[in-house]
1. Looking at the structure I just gave you, is residue B:58 within 11 Å of another protein chain (Cβ to nearest Cβ) and free of Cβ contacts under 8 Å to residues at least 40 places away in the same chain?
2. Take residue B:26 and tell me if it is touching a helix residue (DSSP H, G or I) at 6+ places or on another chain (Cβ under 6 Å), touching a residue at least 60 places away in the same chain (Cβ under 8 Å) and buried (at least 16 other Cβ atoms within 10 Å of the Cβ).
3. Looking at region B:70-108, which of its residues are assigned to a helix (DSSP H, G or I) and without any contact (Cβ under 8 Å) to a residue 40 or more places away in the chain?
4. Which numbered condition trips up residue B:16, out of (1) closer than 22 Å to residue A:88 by Cβ; (2) touching a residue at least 40 places away in the same chain (Cβ under 8 Å); (3) in a loop (DSSP other than H, G, I, E, B)?
5. Would you be able to say whether some residue in region A:83-96 is touching a residue at least 40 places away in the same chain (Cβ under 8 Å), more than 13 Å from chain B (Cβ to nearest Cβ) and surrounded by 13 or more Cβ atoms within 10 Å (Cβ to Cβ)?
6. Within region A:59-82, count every residue that is in a strand (DSSP E or B), farther than 17 Å from residue A:37 by Cβ and away from chain B (no Cβ under 14 Å).
7. Out of B:61, B:115, B:77, report the one residue that is crowded, with 17+ Cβ neighbours inside 10 Å, modelled with pLDDT under 95, closer than 30 Å to residue A:109 by Cα and touching a strand residue (DSSP E or B) at 6+ places or on another chain (Cβ under 9 Å).
8. Are there any strands (runs of 3 or more DSSP E) wholly within region A:1-58 with 2 or more residues that are closer than 30 Å to residue B:114 by Cα and at the interface with chain B (Cβ under 10 Å from one of its Cβ atoms), and if so which?
């Protein structure tokens, strides 16, 4: 079955430090890849997505992610963390088709220390 | 564009009661999804509508769950005879786009309805 793995349910960084959130997918067919962010008591907001083309994708709020097919990975990075980045981050995949439903990872809660 | 809205935002009910949630998608979005998110987990797909037609239901959607989208606009999700295991955040999302390259679509999520079954 297709699945998404996010290593590290909790990640803590200092303000100004590099943010690295990991995401791996399991399928022989490369999916479409998404990162969503969820702030407390809010819905999910799209950060960025990879569909085709350039494998390094830039998103909102200074985040970017690189699709590596050989590693079946789509890790999310930000060079310098800000306090406002504290939230839960979800990696998701879809395979198109009639439904195009999203399959989510279990999420990574990012804490940013002052 | 007011985004996806969901009502109520919070619902507390007693086991055995029926509850109904409403989702208003972004206007002109013909595709609508329901997901369920339990504590410590990512959202899980429940069901999908294209216009008014319900095209897919997850095995998570037991017989106690029913969803409708009359006239292809807002959608309702009803849970009958609620159980404590139904406690979760219920998220609605909508999207639009050409039939080709569906995978490139962005699903826009509402703020969710948090259900607590006592």
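The values are calculated or read from the model by the stated rules, or taken from the named source; none is laboratory data. Every value quoted in this text rests on a predicted model; they were computed, and no experiment measured them. As a convention, Cβ positions derive from the backbone with ideal geometry for all residues, glycine included, and neighbour counts pool all protein chains shown.
1. Here the answer is yes, as residue B:58 does meet what is asked.
2. no
3. B:70, B:71, B:85, B:86, B:102, B:103, B:104
4. The one condition residue B:16 does not meet is (1).
5. Looking through region A:83-96, at least one residue is touching a residue at least 40 places away in the same chain (Cβ under 8 Å), more than 13 Å from chain B (Cβ to nearest Cβ) and surrounded by 13 or more Cβ atoms within 10 Å (Cβ to Cβ).
6. Going through region A:59-82 one residue at a time, the tally reaches 3.
7. So the residue among B:61, B:115, B:77 that is crowded, with 17+ Cβ neighbours inside 10 Å, modelled with pLDDT under 95, closer than 30 Å to residue A:109 by Cα and touching a strand residue (DSSP E or B) at 6+ places or on another chain (Cβ under 9 Å) is B:61.
8. A:32-38, A:44-50
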